[in-house]
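This report concerns only the one structure given below.
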Amino acid sequence: MKKALTLVITLAIFSIISTAFAADRYKTITVIERPGYFETQGDVFDIGAGTYKFVVINKSGKDAGFVFNKGQNNITTDKTSMKVILLKNGEQGSFTLSLPKGNYSYFCPIIPTPPYPIRVK
């Protein structure tokens, strides 16, 4: 019984520590798609170079999409940085991407939205 309790406590501590280290590997940017626009949580215009997890939540009332790419508008200049997520209303998706310095943008290809810029310093 004592060995089992020790094992459970050890596993719980390991889980907490590994979760803390995983959170340090990237920063999270949450983007919520609304009807015709995006809402973000936190500053996403001027960010430092690094690894980011983008969490996209569709609250537009319709099926929608999220396109992230290098460039200042909805024209893709680098196919390797382009990420596309298609989401039904109420769904959530995510991707993790390492961003070097440069200009990026995101937009919805289904529900007309303007391109939203992100500058990585």
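Read-outs throughout are calculated quantities, based only on the coordinates presented, and are distinct from any laboratory measurement. The model shown is predicted, which means the values in this text are computed figures rather than measured ones. No Cβ is skipped: glycine too gets one built from the backbone with ideal geometry, and neighbour counts run over all protein chains shown.
Protection proxy ranking, highest mean first, for peptides 108-118, 90-100, 46-56: 108-118, 46-56, 90-100, where packing is the per-residue count of other beta-carbon atoms within 10 Å, averaged.
Would you tally the net charge around Lys62, using a Cβ to Cβ cut-off of less than 13 Å, leaving Lys62 out, and scoring K and R as +1, D and E as -1? Could the numbers behind the result be given before it?
On the way: positive: Arg34, Lys59, Lys88; negative: Glu33, Asp63, Glu91.
Local net charge: 0.
Compared with the alpha-carbon gap, the fully stretched path from Lys62 to Thr40 is longer by 6.1 nm at 0.36 nm per residue. Pairs spanning more than 27 Å between alpha-carbon atoms, out of Lys53/Lys101; Lys62/Lys83; Lys59/Lys101: Lys59/Lys101. Net charge near Pro35: determine it from the other residues with C-beta under 9 Å of the C-beta of Pro35, scoring Lys and Arg +1 and Asp and Glu -1. Residues near Pro35 contribute +2 overall.
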